[in-house]
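Reading through the structure tokens given below for one structure.
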Amino acid sequence: MTLPRPKAVVFDLDGTLIDSEALVRESHFHAAKTLGYEMSDAQFLSLVGMHREANDLQLRAYYGDDFPLETFIETTRAFVGDRSAPLKAGALELMDALDELGLTYGLATSSRRPWVERHFKTYNLADRFRAVVTRQDVVNGKPDPEPYLKASELLGFAPLDVLAIEDSHAGVRAAHAAGCITVMIPDLLQPDDEMRSKARVLASLADVQALLAR
């Protein structure tokens, strides 16, 4: 399998560049239990890749309008504390390969800027990314295409020339709707027929590097 040759790359963050979804899952289960609620795996997975406002609506749909959202969010943040999630295997190697190929890259994430800045500082990534689009930088978050449209614009390329690397269904939908060349590297969510129709499914970031090297 080969990929169309992109002129730029846009990464998702959580579950794609950093191995954060397991930590986020643990924090959600902890917060739910602390507040006297039960959260199932299916309920948590429905939140993956979505922005906070969409997750808030989903949580209220599960637990009712009186669900203490702000307390829940504060409890998850306290659980995570000042920890950073580890980088995904092959992340630095792929970025090094992109540098050698002369391909610029950016970020389009459903997370907010402080979470991005924490990990950029931890792994010295700030100077490597030409464009960063967080939830706070767009009106509509994933699965809306706006994050990828904006990231492509900031990088100076048409979306059809941009390779988007995602792990979630919401992210794949966003990238595909924007017109990007889309790759899905599954993390917690596995691909279904819809995902396979909208993205090339690969096993790892190393597979992306290998395809780009051909």
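The values are calculated or read from the model by the stated rules, or taken from the named source; none is laboratory data. Source: prediction; values computed, not measured. As a convention, Cβ positions derive from the backbone with ideal geometry for all residues, glycine included, and neighbour counts pool all protein chains shown. Please note that ligands, DNA and RNA were not included when accessible areas were found on the heavy atoms of the full protein model with its side chains. Shrake-Rupley method; radii C 1.70, N 1.55, O 1.52, S 1.80 Å.
Remark: pairs (first residue in the stretch 2-17, farther than 16 Å from Ala174 by Cα; second residue open to solvent by 10 Å² or more (accessible area, probe 1.4 Å) and in a loop (DSSP other than H, G, I, E, B); Cβ separation under 8 Å; 6+ apart in sequence or on different chains) = Thr2/Arg214; Pro6/Leu103; Lys7/Leu103; Lys7/Phe157; Ala8/Leu103; Ala8/Gly156; Ala8/Phe157; Leu17/Lys88. Identify the residue in the stretch 93-133 that is touching a strand residue (DSSP E or B) at 6+ places or on another chain (Cβ under 6 Å) and of a type in the set (Val, Ile, Thr) and, among all such residues, is farthest from Ser168 (Cα to Cα). Here the residue is Thr104.
Considering the stretch 148-158, and only residues there that are crowded, with 24+ Cβ neighbours inside 10 Å and in contact with a helix residue (DSSP H, G or I) (Cβ under 6 Å, 6 or more places away or on another chain), the residue that is nearest to Phe129 (Cα to Cα) turns out to be Ser152. Check the stretch 24-38 and report whether any residue there is open to solvent by 60 Å² or more (accessible area, probe 1.4 Å), under 25 Å from Ala175 (Cα atoms) and within 16 Å of the chain's Cα centre (by Cα). Among the residues of the stretch 24-38, at least one is open to solvent by 60 Å² or more (accessible area, probe 1.4 Å), under 25 Å from Ala175 (Cα atoms) and within 16 Å of the chain's Cα centre (by Cα), which makes the answer yes. The residues on offer are Ile165, Ile185, Ile181, and the sole one that is open to solvent by less than 10 Å² (accessible area, probe 1.4 Å) and closer than 24 Å to Ala89 by Cβ is Ile165. The residues of the stretch 72-127 that are surrounded by fewer than 14 Cβ atoms within 10 Å (Cβ to Cβ) and of a type in the set (S, T, N, Q) amount to a single one, Asn124. Among the residues of the stretch 6-23, those that are open to solvent by less than 20 Å² (accessible area, probe 1.4 Å), under 14 Å from Asp187 (Cα atoms) and in a loop (DSSP other than H, G, I, E, B) comprise Asp12, Leu13, Gly15, Thr16, Leu17, Ser20. For the stretch 101-214, the helices (runs of 4 or more DSSP H) that sit wholly inside it and include 2 or more residues that are over 17 Å from Thr16 (Cβ atoms) are 113-122, 146-155, 193-198. Given the structure, is Phe67 farther than 21 Å from Lys150 by Cα, in a helix (DSSP H, G or I) and of a type outside the set (Lys, Arg)? So Phe67 does not fit the description; no.
Of all the residues in the stretch 44-62, those that are in a helix (DSSP H, G or I) and either in contact (Cβ under 8 Å) with a residue 60 or more places away in the chain or open to solvent by less than 40 Å² (accessible area, probe 1.4 Å) (or both) number 8. Consider the stretch 39-57 and keep the residues that are among the polar types (S, T, N, Q) and touching a helix residue (DSSP H, G or I) at 6+ places or on another chain (Cβ under 8 Å). The one that is nearest to Arg173 (Cα to Cα) is Ser46. Restricting attention to the stretch 84-100, the residues that are more than 30 Å from Arg214 (Cβ to Cβ) and either more than 18 Å from the chain's Cα centre (by Cα) or part of a helix (DSSP H, G or I) (or both) add up to 0.
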